[in-house]
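Report on one structure; see the data block that follows.
No value in this document is a laboratory result; all are computed from the given coordinates. Everything quoted here is computed from the prediction, not taken from an experiment. Glycine gets a Cβ as well: all are built from the backbone with ideal geometry, and neighbour counts include every protein chain shown.
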Amino acid sequence: MTTITKGAALRIALAARAMEGIDPRGFTLKLAEKIGLPITEDKLAAVTVAEIKVLLTGEETVEPDQDMASIKLAVRYLWGENGDDSDVPKPEPYVEGEIPDSLRVAVASNSGENLDGHFGSAPRFLIYQVGKDATRLVDVRPTLIADEAEDKNVARSELINDCQIVYVQSIGGPAAAKVVRAGVHPVKIPKAGPAREALVSLQAVLDAPPPWLARIMGVEARSLARFAEEAEES
């Protein structure tokens, strides 16, 4: 008797990949203990987020190291949502320089046009060109190829190294350091929501950028400019 169907094996591989640092073989063995053999698509479709949390920690009262966004994405894969991109927005045409004085911003996304992904597990980055008066989705970059690299966080960083900023729901310290080394500034937005809402907030400060953003834009921060004016007048 086959202990695991081909379809179930694919679902488990995708689920393990969604959670940072999870060994697919070990994850499969724990699932087998939980749901029994043979492992089938029907059994995986009944697995819950709570069950995966217990499976990862061994105790109901202990929180897993994995962030909830990654666990929820893994469960979606176990249910059979195997990377279907039907809900992913389509990029709009863009010619370099078409939006003057703009920034390129990556958004870690698990679903639709949402900012709801962990840097190390999101299945895609949405790439936006953001100016004072316009925001345009210019690319959608799947992370599957990057995750096949020896160091997937370095590969993910290289995937977005033409961006100045990356918005994520969460990111670990070592991964953040690799993003910074790639020349990209990571910004954590813990509450998931529409990507464009976060970008509207960014647009609102482009005229008077805080120091961290001024450095990225290569301009003087408004607060620093005010002190410089006062010094000249004194």
- request: Using just the helices of the chain, give the 222 nm mean residue ellipticity in deg cm²/dmol: DSSP H runs with n ≥ 4 each add -39,500 (n - 2.57), and the total is spread over all residues, rounded to 500.
  value: -11500 deg cm²/dmol
Label point 7 Å beyond Cα of residue 215 along Cβ direction - residues of region 164-188 with amide nitrogen under 20 Å: 164-168, 171-188
- prompt: Any idea how far apart residue 151 and residue 29 come out in nm if each label point goes 7 Å out from Cα toward Cβ?
  reply: 2.9 nm
query: Could you give the Stokes-Einstein D for the chain in µm² per second, using the C-alpha Kirkwood radius, 10 °C, 1.306 mPa s?
result: 82 µm²/s
task: List the lysines whose Cα lies under 30 Å from the Cα of residue 53, skipping any in the same chain that are fewer than 8 positions away.
output: 6, 30, 34, 43, 72, 152, 178, 188, 191
Formal net charge of residues neighbouring residue 186 (Cβ-Cβ distance under 12 Å; K, R +1; D, E -1): +4
query: Measuring from label point to label point, each 7 Å out along Cα→Cβ, what is the residue 191 to residue 177 span in nm?
result: 3.2 nm
field: region 103-217 - share of DSSP beta bridges that are antiparallel (%, nearest 5)
entry: 65 percent
- line: Computed over the chain: longest principal axis from alpha-carbon atoms vs helix 68-78 long axis, angle to nearest 10 degrees, is 40 degrees
task: For region 90-147, state which GluC sites (Glu not before Pro) are in a DSSP loop and have at most 10 other beta carbons lying within 10 Å of their beta carbon.
output: 96
